[in-house]
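Undergrad: Starting off with a structure, shown below.
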Amino acid sequence: MVLGRKRIETKVTAVHGGMHDTDAWIKIKSMIESNDYTAARLYHVVLTPLSKNNKREVKDYQDAWKAICLKLTRAGIAHKWRACIELDDEKEVSGKGLHWHVFLMLEGHSETIPDQLINTKTDGWLRLTLNARHIQLTIAKPRDRIQWREPRQSFDSDAPLYAALPKTNPAKIASCTEWISYLVKRRSKNPINKTTYFSSRDRKSHASTIASPSSDQVRSTFTIQQLTCGLATPMF
């Protein structure tokens, strides 16, 4: 008799149709559990069509994200990420259609201050780069106060864009692990997509290269990979 794998759920997946892919979840959450950055920042970036008339394909999002990671690499910002592609019913009011969710983890102690590149300014490099590709940018702020670098009274426009992720704070690690499970919720997953989950090719950082990562280390971080094929296969 073959025993089935124990069902895994998080609070997030439970309210969004359940866990879509347990194998992908194990690989996705490893980014949080094996964090080796000294001042990690975790962002939830959502890329959608700029308008209902500008439908995007999977490759459009892949190419756009590759450009973003290349910029981070050239700026000396060490980074890792996990992503998924989803499809909302285009008959819904949102009209998001095919869209891209990515959790981006950056080293805060980098050659370039991450805020200079990763922000939501209307005239900022990130938004302008994506708009030129007919892609809309949203950064979903963390809502769990424990993820914030400084305590605040309420969730408002001044709330941080990212979660602070120390290596030695179990409560924050658990909260961020729960947050990133949004990628593996069953709702909006499209069975037509050959590949649903994507990842950077991660290499372990070393204390001597955290502030100024080697070119070999950072170059590897903008290669998109399939998470569901055993040994990850680069798509570029």
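The values are calculated or read from the model by the stated rules, or taken from the named source; none is laboratory data. None of the values given here were measured: they were computed from a predicted structure. No Cβ is skipped: glycine too gets one built from the backbone with ideal geometry, and neighbour counts run over all protein chains shown. Just the protein is used for accessible areas: all its heavy atoms, side chains included, with ligands, DNA and RNA removed. Shrake-Rupley method; radii C 1.70, N 1.55, O 1.52, S 1.80 Å.
Undergrad: Out of the residues in segment 117-136 meeting the condition of being without any contact (Cβ under 8 Å) to a residue 40 or more places away in the chain and either not in a loop (DSSP other than H, G, I, E, B) or not small (Gly, Ala, Ser) (or both), tell me which one is least open to solvent (accessible area, probe 1.4 Å). Don't jump to the end; show me each part of the working.
TA: At the first step, the residues of segment 117-136 found to be without any contact (Cβ under 8 Å) to a residue 40 or more places away in the chain are 121-124, 127-128, 132.
Keeping just the survivors that are either not in a loop (DSSP other than H, G, I, E, B) or not small (Gly, Ala, Ser) (or both) gives 121-123, 127-128.
Values: LYS121: 123, THR122: 110, ASP123: 114, ARG127: 35, LEU128: 94 Å².
Looking at residues that are without any contact (Cβ under 8 Å) to a residue 40 or more places away in the chain and either not in a loop (DSSP other than H, G, I, E, B) or not small (Gly, Ala, Ser) (or both), I get ARG127.
Undergrad: A further question on this structure: Taking VAL45 as meeting all but one of (1) touching a helix residue (DSSP H, G or I) at 6+ places or on another chain (Cβ under 7 Å); (2) at pLDDT 95 or above; (3) not aromatic (Phe, Trp, Tyr), write down the number of the exception.
TA: Among (1) touching a helix residue (DSSP H, G or I) at 6+ places or on another chain (Cβ under 7 Å); (2) at pLDDT 95 or above; (3) not aromatic (Phe, Trp, Tyr), VAL45 violates only (1).
Undergrad: For segment 45-54, name all the residues that are open to solvent by 10 Å² or more (accessible area, probe 1.4 Å) and in contact (Cβ under 8 Å) with a residue 24 or more places away in the chain.
TA: Residues satisfying the conditions are VAL46, THR48, PRO49, LEU50, SER51, LYS52, ASN54.
Undergrad: Among (1) in a helix (DSSP H, G or I); (2) in contact (Cβ under 8 Å) with a residue 12 or more places away in the chain, where does SER30 come up short?
TA: Going through (1) in a helix (DSSP H, G or I); (2) in contact (Cβ under 8 Å) with a residue 12 or more places away in the chain one by one, SER30 breaks only (2).
Let's see how each residue does on (1) open to solvent by less than 60 Å² (accessible area, probe 1.4 Å); (2) more than 20 Å from the chain's Cα centre (by Cα); (3) at pLDDT 90 or above:
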residue	(1), (2), (3)
GLN147	yes, no, no
PRO151	no, yes, no
VAL184	yes, no, yes
HIS206	no, yes, no
